[in-house]
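A quick write-up on the structure given underneath.
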Amino acid sequence: MSPDERGEAILSKLRGQVRYAFQNSGFYPEFYGGATVDPENLRSLEEFAQLPILTKEDIRREQEEHPPYGRFLCIPPSEVFRVHGTSGTTGRPTVFGIGHDDWDRIAEAHARILWGAGLRPDDMVMVAAVFSLYVGSWGALVGAERLGATCFPFGSGAPGQTERAAEWCAMVKPSALYGTPSYALYLAETARQMGLDPLTDFGFRFMFFSGEPGASVPATRRLIEDTFGCYVVDQGSMAEMTPWMSNSGCRHLSTGMHLWQDIVYTELVDPESRRNLPLGAEGVPVYSHTERTSQPMIRYWSGDIAQWDLIDCPCGRTYPTLTRGIYGRADDMIIVRGQNVFPSRIEDILRSMDVFGGEFRLLLERERGQLDRLTVQTEVLADTYVQRESDPAALDRVQEEITAALRRALGVGVAVELKPAGEFERTQFKARRIIDHRTV
Ligand code: 8LE
């Protein structure tokens, strides 16, 4: 559809969604108490953009006062078909109740989007993410099921499970994989240690990821594609916003994600003024359900940083695109001597270097009255350490090379510490690479 024509269709869906939430939830009438527009009859997308923005803090507070769902629920609790939630590692967990009709619509949306990304009914999809409260794995599963693919719900997270995953990949040869980019790399490392070659012993042709940056980090994406002989598609908004695949790449996009605006409507918003930004700008994605009847989230603040634009994609979609995916969080952007530094940029540089050992950590420190200090702790291949025995300066040269590459790419100097490959823990879920020791 042309963007204008689609805008009309989206407005009509959003108008219905906001009116529905206003009439059927206990939360939104209160939340929209001071609204400058009529939530029961929005006349334009500009009016929609005047509704207040909802944050995770709002959800937490509401759910604490009205457990377990808060007054978001627009259906009787007995009609909740699925309870999902966030893990709560950074505060009180949030709860989402999903009705049966919504679950069906989620399956339908994910099937459509996966088809657009290249999945077909003759594929076998290995879901290699934990089956728990985390809705990533379940969302991938229902979409693949609805599309008619063969599903292989392997899961992840248990001790020894990655070794078993490697054995199963070699045995049943799934053609597609869902998980996190970190997990795909961990699976490859584990397979190699077991004497398996992910390229020749496995049968992947397609991998789709969500949950963390990686699939749109050029060097990481290339590494995964070369390691498995597959192509990679980046996906993912937020668990609360399921169908979370509404941000999705396609077969043709080398980085980034199209925004399937008719399924989940996305605005890009200035982190300070909170006003809508035009195409081409960088800001925070704010998401809205357009077809939720159980627990709709409207204008939900992601806290992520991305850039959006209209691009001419060979897939023919006219949606706006997050051109470089989601590459940072508004709140963990590191400022080193006035320069914004995103961990995903550092990842891109490190992974493009031959000596890189597979993992890294970013150590943040601050002394009283001083600026933040960033140390990049990076693994380098074991060979470099062996080489040191005959050539004591080998490590220094590697350190200088990495320091220079980072300075060139980031525009500021950062300290670099080398570690032998295998030093840092691998993850079966999302990597946590920032160690924040800023106490002052
Ligand atoms: C860069 C989307 C899902 C279900 O996989 C997920 O991870 O949801 P969750 O646990 O609510 O986490 C959402 C956050 O993960 C986002 O705000 C963003 O910071 C990060 N994230 C998710 N997908 C991506 C991502 N970051 N690229 C992605 N593709």
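The values are calculated or read from the model by the stated rules, or taken from the named source; none is laboratory data. None of these values were measured; they are calculated from a predicted model. Cβ sites come from the backbone with ideal geometry, for glycine too, and all protein chains shown count toward neighbours. Only protein heavy atoms, including side chains, enter the accessible area calculation; ligands, DNA and RNA are left aside. Shrake-Rupley method; radii C 1.70, N 1.55, O 1.52, S 1.80 Å.
Numbers at a glance
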| quantity | calculated |
| --- | --- |
| Near pairs, Cβ below 7 angstrom, 6+ apart or cross-chain, from the range 160-173 (assigned by TED's automatic domain parsing to the domain that holds ASP122) to any residue that is of a type in the set (Asp, Glu) | ALA170/ASP201 |
| Candidates ARG345, ARG324, filtered to the one that is open to solvent by 40 Å² or more (accessible area, probe 1.4 Å), among the basic types (Lys, Arg) and part of a strand (DSSP E or B) | ARG324 |
| Candidates ALA107, ALA111 - the one that is over 27 Å from ASN24 (Cα atoms) and outside any loop (DSSP other than H, G, I, E, B) | ALA111 |
| Residues that are more than 6 Å from the ligand (Cβ to nearest atom), among the small types (Gly, Ala, Ser) and within 15 Å of the chain's Cα centre (by Cα), drawn from the range 216-236 | SER216 |
| Out of ARG205, ARG192, ARG164, sole residue that is within 20 Å of LEU114 (Cα to Cα), of a type outside the set (Gly, Ala, Ser), more than 16 Å from the ligand (Cβ to nearest atom) and surrounded by fewer than 20 Cβ atoms within 10 Å (Cβ to Cβ) | ARG205 |
| Residue match in the range 238-247 (condition: within 16 Å of the ligand (Cβ to nearest atom), acidic (Asp, Glu) and either open to solvent by 10 Å² or more (accessible area, probe 1.4 Å) or outside the structural domain of ARG361 (by TED's automatic domain parsing) (or both)) | yes |
| Subset of the range 367-398 (residues that are modelled with pLDDT of 90 or more and either under 24 Å from ILE335 (Cβ atoms) or open to solvent by 90 Å² or more (accessible area, probe 1.4 Å) (or both)) | LEU374, THR375, VAL376, GLN377, THR378, ARG397 |
